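Structure record follows, encoded as structure tokens.
The values are calculated or read from the model by the stated rules, or taken from the named source; none is laboratory data. Not measured: the values here are computed from a predicted model. Positions of Cβ are backbone-derived with ideal geometry, glycine not excepted, and every protein chain shown enters the neighbour counts. When the accessible area is computed, the model is the full protein with side chains, heavy atoms only, and any ligands, DNA or RNA have been set aside. Shrake-Rupley method; radii C 1.70, N 1.55, O 1.52, S 1.80 Å.
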Amino acid sequence: MELGLYTFADVDPAAARKGAEAKRRMDELMAEIELADQVGLDVFGLGEHHRPDYMASSPSTILAAAAVKTKNIRLTSAVTVLSSEDPVRVFQQYATIDLLSGGRAEIMAGRGSFIESFPLFGYDLDDYDKLFDEKLQLLMTIRDNEVVTWKGETRAPIDGRPVYPRPMQDPLPLWVAVGGTPNSVARAAYFGLPLALAIIGGEPRRFAPLFQLYRETAKKVGRDPAQLKTSINVHGFVADTTEQAADIFYGPQKAVMDRIGRERGWGPGTRAQYDAMRGPTGALFVGDPETLAEKIVAHHAIFKNDRFLIQMAIGLMPHKELMRAIELFGTKVAPLVRKALTSAGDGVKAGATDEKKAV
């Protein structure tokens, strides 16, 4: 199982000097990605947002910089809000990252959990589903064909136009990220695309039927489920002790979730709720290396997922503690997880670059 990190590059929305705050976070983020590579993690993901509390409105630009500073780690969006993007430019940007990195780029496409990009780029929210469906199909067409012919309802047609550059990986790995909508899960299966499931609340095991739906749908449309990769993407943190991890992560995580809650109509969280969520069956993966590894392995037994991504850089997380967490995740947690899964005899499924064989 691949192990990695993802973040939205949170900044202080109340900072008086927005540029200076963004620069601070950019410098820290580049150090975090480099360290994740050095300690042997498999994946680093960066999410696209257009809000005052997140810096990464252009993940491809940042990942391109990371591509020349790293050697082995895979670099992915987490996510690209494809509904409000141009699939031609998305492909060109990530093909460029692929060339810079020597074949380590991926796209994780999603509809997005925020809507700020729609009015910003001139899209109608009434077209929310149609935009994503058409643009996903266009992106797949570009990925699989050097010369593109395509026609839809949400943008001008493309009539036999070539798209460059072409990436090293053929095909360029393309994942679909979902938040729990069955139709989105079924769509990914229908197109034979790897599936990333975000789990940030409740009991993770309750999401297991979505992976079952994904595999059953794939089988119904003539695809081999064993060839399709899956990931669970969660919130969590690791420190030298479980008490330290819980105390460090609580404040930043609560601030973010309470801010989003005010926007969406739910109340502030409590420490008791937080402590319950970091228990063995809760959605937060928080603890010392042994505790975190045990929880990752236990949920792998439920989901049979090929990838596990954790968002530790959430809110205004102290950089020193975050760097220590990345070090522990790579040098302590990852070896424990890999040893446990190897001992259990879990085989390795097709890699993301084997996806074309399943399509």
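Brief remarks follow.
- Point-to-point label distance, R271-D258, nm (Cα→Cβ direction, 7 Å offset): 1.3 nm
- Greater than 22 Å apart at Cα, pairs in K69/K254; K219/K304; K229/K295; K254/K339; K151/K229: K69/K254; K254/K339; K151/K229
- Toward the positive end of the charge dipole of the chain, with +1 on the Cβ of Lys and Arg and -1 on the Cβ of Asp and Glu, the farthest Cα among A9, Y250, A95 is that of A95.
- When you count the other C-beta atoms within 10 angstrom of each residue and take the mean per peptide, 246-254, 259-267, 2-10 line up highest first as 2-10, 246-254, 259-267.
- Mean silhouette area of segment 179-263, derived from the convex hull of its C-alpha atoms and averaged over all directions, reads 7.2 nm².
- Full-extension gain in nm, R205 to D86, via 0.36 nm per residue minus C-alpha separation: 39.3 nm
- Taking every alpha-carbon pair under 8 Å whose residues sit at least 6 apart, segment 89-214 reaches a relative contact order of 26 percent.
- Carbon/sulfur fraction of accessible area - segment 236-319, other protein chains in place, 1.4 Å, %: 59 percent
- Here is how the number arises for the chain: DSSP H runs of 4 or more residues each give -39500 (n - 2.57), the sum is divided by the residue count, and the result at 222 nm is -13500 deg cm²/dmol.
- Computed over segment 107-237, the convex hull of the alpha-carbon atoms projects to a mean area of 10.1 nm².
- Cα lying deepest toward the dipole's positive end in segment 182-238, options T230, F191, G201, charges on Cβ: F191
- The chain, dipole about Cα centre (Lys/Arg Cβ +1, Asp/Glu Cβ -1), debye to the nearest 20: 420 debye
- Charge tally in the Cβ shell below 9 Å around A239, where Lys, Arg are +1 and Asp, Glu are -1, A239 excluded: -4
- Using R0 = 30 Å, the C-beta based FRET efficiency linking T241 and E116 works out to 0.20.
- Mean Cβ neighbour count within 10 Å, used as a protection proxy, ranking 114-125, 76-87 highest first: 76-87, 114-125
- When peptides 159-172, 26-39 are ranked by their average number of other Cβ atoms within 10 Å per residue, the highest-first order is 26-39, 159-172.
- Read-out Cα Rg over 2.2 N^0.38 Å, derived from the coordinates shown; its label in [x] 1.07; [y] 0.95; [z] 1.00: [y]
- C-alpha center-to-center spacing [segment 185-207, segment 24-69] in angstrom: 24 Å
- Averaged over its residues, the chain has an accessible area of 42 Å² per residue, based on protein heavy atoms and a 1.4 Å probe.
- Check: segment 188-289 dipole with +1 on Lys, Arg Cβ and -1 on Asp, Glu Cβ, in debye: 580 debye
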